[in-house]
1. If we sort 218-225, 66-73 on the protection proxy, mean other Cβ atoms within 10 Å, highest first, what's the order?
2. Please give the net charge around A389, taking every other residue with its beta carbon less than 11 angstrom from that of A389, where Lys and Arg add +1 and Asp and Glu add -1.
3. Pull out the extension gain between V345 and E149, defined as 0.36 nm times the separation in residues minus the alpha carbon to alpha carbon distance; nm, one decimal.
4. Using the Karplus curve 6.51 cos²θ - 1.76 cosθ + 1.60 with θ = phi - 60°, what ³J(HN,Hα) values do you get for each residue of region 362-375, in whole Hz, with x for Gly and Pro?
5. Taking the beta-carbon count within 10 Å as an exposure proxy, list W104, W203, W266 from fewest neighbours to most.
6. If I stretch the segment between D260 and E298 completely, what's the gain in nm (0.36 nm per residue apart, minus their alpha carbon distance), one decimal?
7. Which ³J(HN,Hα) values, rounded to whole Hz and listed in residue order, are derived for region 27-36 from phi using the Karplus coefficients 6.51, -1.76 and 1.60 in 6.51 cos²θ - 1.76 cosθ + 1.60 with θ = phi - 60°, glycine and proline given as x?
8. Let me make sure I get this right: for region 218-277, a, b and c are the square roots of the gyration tensor eigenvalues over alpha carbons, sorted descending. Under 1.5 in a/c it's rounded, otherwise prolate if a/b > b/c, else oblate. Which is it?
Amino acid sequence: MFDESLLDNPDGLSRADLHGLLRGAAESGARVRTAVRNAAEAGVGTLQPDGRPRAVLVAGPGPASGSTADLLSALAGDTCPVTLLRPAGVAPAPGALRWTLPGWTGPLDLLLVASPDGTEPGLALLLEQAFRRGCSVVSVAPAGSPLAEATVQARGLAVPLSSPAPYEAASDEPAGPDAAPEDDEAPGPPAHAVLPAGPGTLWSLLTPLLVLADRIGLLSAPPPALEALADRLDGLAECCGPAIATYSNPAKTLAAELADTLPLVWTEGELAAAAGRRFATVLAALAGRPALVAELPEALTAHGTLLSGAFAAGADPEDFFRDRVEEPEALHARVVLLREREPDVTSPAPAARELALHRDTPLSELEATDGSSPLETVAELLAITDFAAVYLALASSP
């Protein structure tokens, strides 16, 4: 059951936030600055690349690594293919997964390995494969972790991941989530306690790869752009924070609109598509809510039947004899429209609104601020949806 009144109760949100989810979302800007500094200290800025790689391969455990590859691909556009490697089974080493490189991988390709804890044994075996193929290797993992050491052995570049402070979930008096980080080294929960799709983890993994991608000409992410990215994330943390009332807080508003619904996330544009897929991931990982994602205009046909079937707003009318305590309401579809920019004459967004209106389906819209850079655009979409997923998780009782 969703307790909407909790959204405007900062103290109640603090007590409910046993896993520090709000703080993890609020410290994203600080994570970006720390990651930029770590990348510089690791020597990314001094690299002398021969040119763009033929292909970029991304590997790592959990949804955060998948989101990292998805966002890199969206930001790079058609300059270079970015491929996510997925484990294909169990490796001979105890507790390891089996990772394999595509047969065509060679010296012209780049392997990026991103891991929040750096302990997956199968990734070390993947680095050995890359070394034998002559493939360049870069990893982002905690300093001193097995993955960082394996990267050095494979003659790759190891960028240290900022180490979070000890986890304090067991404390009787959890820290207030609306307390903003005082510096770039803002502490957070450790890797073993953070849910894999946590926003702070994503930016810690993604930012060093953005610095590298800028250096090799894969995309544009110079230092001023990354500083602007961190500033935008800080600003979004303020306007989406727990102290801001629901009526002026886009994340709380979206969370309240999605309560007891089946979100149909429709996206327009490559950046919005990546943000939409991540939104579905964090809804499942943080709030335990299912969501379906599709890109416009294909979403109109892919999800059209859902707007007229059992999940339609008019389906399953209120049962007078339903037990309001023991039997929850049936889920009904709600469209969430994510856009990178204001629709033009070729945009399918008006058709999406018309279909939702025709099927009596409620619709939520989220559009990035006009004139933003690609990095700031995706940051805005990610930050608001991350906060919304957190609020939905905190205000929903089991």
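Any read-out appearing in this document is the output of simple, stated calculations on the displayed coordinates, not a laboratory observation. A quick note: this is a predicted structure, and the numbers were derived from the prediction, not measured. We place every Cβ from the backbone using ideal geometry, glycine too, and count neighbours over all the protein chains shown.
1. Numbers: 218-225: 15.6, 66-73: 23.1.
Answer by packing, highest mean first, reads 66-73, 218-225.
2. Numbers: positive: R278, R289; negative: D386.
Spelling it out: positives minus negatives among the neighbours equals +1.
3. Details: separation 196, 0.36 × 196 = 70.56 nm, distance 5.31 nm.
Here the answer is 65.3 nm.
4. My calculation for region 362-375 gives x, 9, 10, 10, 9, 10, 5, 4, 5, x, 6, 6, x, 5 Hz in order.
5. Working: W104 10, W203 28, W266 31.
Least to most surrounded, the residues fall as W104, W203, W266.
6. Values: separation 38, 0.36 × 38 = 13.68 nm, distance 2.53 nm.
Full extension from D260 to E298 adds 11.2 nm.
7. 8, 4, x, 5, 4, 4, 5, 5, 5, 4
8. On the way: a/c = 4.27, a/b = 1.32, b/c = 3.24.
Because a/c hits 1.5 or more and a/b fails to exceed b/c, region 218-277 counts as oblate.
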